[in-house]
Amino acid sequence: MHLAYPAVLAALLFCTGLYGVLARRNAILVLMSVELMLNAVNLNLVAFDVWLRDALHSGQALTLFTIAIAAAEIGIGLAIVLAVYRNRGSSDIDRLRDTAETDEAETLPGDADADDATHGTADQATAPAGKAKKAEATA
Amino acid sequence: MLAATAGHPGFLSPTGVEIAFVLVGIVTLGAAFITVTTRQLVHAALWLVVALGGLAVEYLLLTAEFIAWVQVLIYVGSIVVLLLFGLMLTRAPIGHSPDADSGNRWIALGVAGASAIALVWVVVDAFRTTWIDLDGPAQGSTDATGAFLFRHWVLPFEALSVLLLAALVGAIVLSRKDREDKS
């Protein structure tokens, strides 16, 4: 098999994950995109390991370690996202702009007034983030 | 390295493994695209299953059997389930969500497109004539994996178990609800 096929597939998967990390708004979707990027790296490691016929099989061993570290990362990441959601009532990373828990810190700078008009009712439960939602989320 | 000096088969006469690899790769890439672009959050997690399962098939085609099954067990079996739990616990909307993408998605598209073009160009230019020899015994069978993992990689393996324990404790501490300092 040509080495170019897995290498190109890994590059394209990595860039897909890169787009997801930059463009997504929900923190859990960002975590999914990070998983795609890690998998692209794993595919590269396996392909180059099979090509080089390494006696130590460094590529496959590192792939197993990457998978385990990804599992740890997703556990910690989800715990952090859940803690943030419980404290702020939102997992929208565009609104988490400040370490302080104030209502001003959780509104976007551009659409402070357009927020209620456009996303008011049909939005996910995260839109009117603030103290009112926090009470509901912790209940 | 092995076959670069010898005449390598061209791209116009693909072997069966290559055809299967490219077809599964197209499915994987399409599922990954849908994962990062769909507006239904739960569908994104389910398309992620397709992408990760496709990658497991690619590992099988590259004769890394053990890693393929580890991929199915850990990624498809536990990580996607964890992500679905996370979506449910943060009350993600089940249906169509209008603002799944943030405002800078065009910048993100530009960055991803530019890096894709650069990476594919460099990779194709570097490995155009490189040939992977897949014949012989499988290099990633469970037998071979156990041998190299517990012969050469024992110490990192044990260190990794300590890291997993630390992650477990950290996740429990982070997600506990009733801490004393909050009252």
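The values are calculated or read from the model by the stated rules, or taken from the named source; none is laboratory data. Remember, predicted model here, so these are calculated numbers, not experimental data. Neighbour counts run over all protein chains shown; Cβ positions are idealised from the backbone, glycine included. SASA here: full protein model, heavy atoms, side chains in, ligands and nucleic acids out. Shrake-Rupley method; radii C 1.70, N 1.55, O 1.52, S 1.80 Å.
Please give, to one decimal in nm, the separation of the simple spin-label points placed at B:Trp69 and B:Glu158, each 7 Å out from Cα toward the Cβ.
So the label points at B:Trp69 and B:Glu158 sit 2.6 nm apart.
Calculate the spin-label point distance for A:Asp94 paired with B:Val27, positioning each point 7 Å from the Cα along the beta-carbon direction, and give it in nanometres.
Each label point lies 7 Å from its Cα, and together they span 3.5 nm.
Under a 1.4 angstrom probe, counting protein chains only, how are A:Asp98, A:Asp54 ranked by accessible area, largest first?
Largest accessible area first, the list is A:Asp98, A:Asp54.
From largest to smallest, what semi-axes in whole angstrom does segment A:1-79 give when each is the square root of 5 times an eigenvalue of its alpha carbon gyration tensor?
26, 17, 5
With a 1.4 Å probe and every protein chain left in place, work out the accessible area per residue of segment A:4-88 in Å², rounded to a whole number.
Counting only protein heavy atoms, the per-residue value for segment A:4-88 is 26 Å².
Tally Lys and Arg at +1 and Asp and Glu at -1 over the other residues with C-beta under 14 Å from the C-beta of A:Phe48: what net charge comes out?
-3
Tell me the Kirkwood hydrodynamic radius of segment B:64-183 in angstroms, computed as one over the mean inverse distance between distinct C-alpha pairs.
With all distinct Cα pairs of segment B:64-183 included, I get 20.1 Å.
Going by amide H atoms built from the backbone, whose H comes under 5 Å of the H on A:Arg24, apart from near neighbours?
So A:Arg24 has HN proximity to B:Ser102.
Ignoring ligands and nucleic acids, what accessible area does B:His96 show with a 1.4 Å probe (Å², nearest 10)?
That residue has around 120 Å² of solvent-accessible surface.
Interface size between chain B and chain A, please: total buried accessible area, 1.4 Å probe, rounded to the nearest 100 Å². Let's see the in-between values first.
Numbers: alone 13990 and 9100 Å², together 15190 Å².
Adding both sides of the contact gives about 7900 Å².
Could you compute Rg(Cα) / (2.2 N^0.38 Å) for segment B:30-119, with N its residue count?
Segment B:30-119 yields a ratio of 1.26.
For an R0 of 56 angstrom, estimate the FRET efficiency from the Cβ-Cβ distance between B:Phe11 and B:Trp106 and round to the nearest 0.05. Walk me through the intermediate numbers first.
Details: r = 34 Å, r/R0 = 0.61.
In this case the efficiency is close to 0.95.
Once phi is turned into ³J(HN,Hα) by the Karplus curve 6.51 cos²θ - 1.76 cosθ + 1.60 with θ = phi - 60°, what whole-Hz value does each residue of segment A:36-49 show in order, with x for glycine and proline?
4, 5, 4, 5, 5, 5, 4, 4, 4, 4, 5, 5, 6, 5
From Cα pairs below 8 angstrom and at least 6 apart in sequence, can you work out the relative contact order of chain B, rounded to a whole percent? Write out the running numbers ahead of the final one.
Values: 115 pairs, mean separation 46.7, N = 183.
Relative contact order of chain B: 25 percent.
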